Amino acid sequence: MARCYCSAARTDFSDPKRSKPHILKHNFNAMASAHNASLHGSAPDKAAQAVLLIDVINAMDFPGGSSLLRLALPVAKRIAALKKRARAAGVPVIYVNDNFGRWRSDFKSHVSHCLEAGVPGEPIVQQLLPDEEDYFILKPKHSGFYSTSLDILLEHLEVSTLILTGFAGNLCVLYTANDAYMRDYHLIVPRDCLASENRKANDHALAQMQTHLRADIRTSPRIHLVRSRTRAGKDTQDKDK
């Protein structure tokens, strides 16, 4: 069940047969201050880092999708491994996903669509299904920040470092990185956790992010994961350095 800040639905995706969303009650007064205790009572502990999974819930049924799918399949395994480490370290995982023109859809219906038989991207989605603790932001354009609640969520989490992963590296990941840099986030973009329609475009995007956005592009196993504070007031660090 992902925590959704693009709509009011919360759903358990571990069982596709569970189709009834639990509707959250909006409290817009609680959103007025960045210093409120939580977002609808469900914000996690304060975190220095957050892992963003960009457009990984993806049908891959668009022109060029087959080329992206071929390169994204091995990358999905590495993203899944990084996500597992993040969950163990208490680092928030945020799905930042395009609606791909499905304006009447929500997160649950989009995941369900991508899991249907015959959908090209289904093998990737199976590897990267959201868990109960994860967050989800639905975006209308390339950047995860444009017209979304990502800014608010990150502000409440007190995140200073973003770890960007996903597809396509030269489009939505790059646009999100640009906007993150403009907001003074420190960027880590593990080069083994990105894929584009071709390797040249992906390498060029990585070079742009490293040179102009000061992104750290070390491979995912070399990323040190740390969360600032737990509920008990102690630091939680990733033991798999």
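The values are calculated or read from the model by the stated rules, or taken from the named source; none is laboratory data. The structure presented is a predicted model; accordingly, all values stated were derived computationally and were not measured. Here Cβ is always computed from backbone atoms with ideal geometry, including for glycine, and neighbour counts include all displayed protein chains.
Listing for the model above:
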| item | result |
| --- | --- |
| In segment 129-168, residue modelled with the lowest pLDDT [restricted to those that are small (Gly, Ala, Ser) and over 11 Å from the mean Cα position of the chain (by Cα)] | 147 |
| Hits in segment 143-179 - residues which are free of Cβ contacts under 8 Å to residues at least 40 places away in the same chain and either in contact with a Ser or Thr (Cβ under 8 Å, 6 or more places away or on another chain) or within 20 Å of residue 64 (Cβ to Cβ) (or both) | 143, 145, 169, 170, 171, 174, 175, 178, 179 |
| Given (1) surrounded by fewer than 22 Cβ atoms within 10 Å (Cβ to Cβ); (2) at pLDDT below 95; (3) out of contact with any Lys or Arg (no Cβ under 6 Å at 6 or more places or on another chain), index of the condition residue 236 fails | (3) |
| Residues of segment 44-76 satisfying the condition of being of a type in the set (Val, Ile, Thr) and out of contact with any Cys (no Cβ under 8 Å at 6 or more places or on another chain) | 51, 56 |
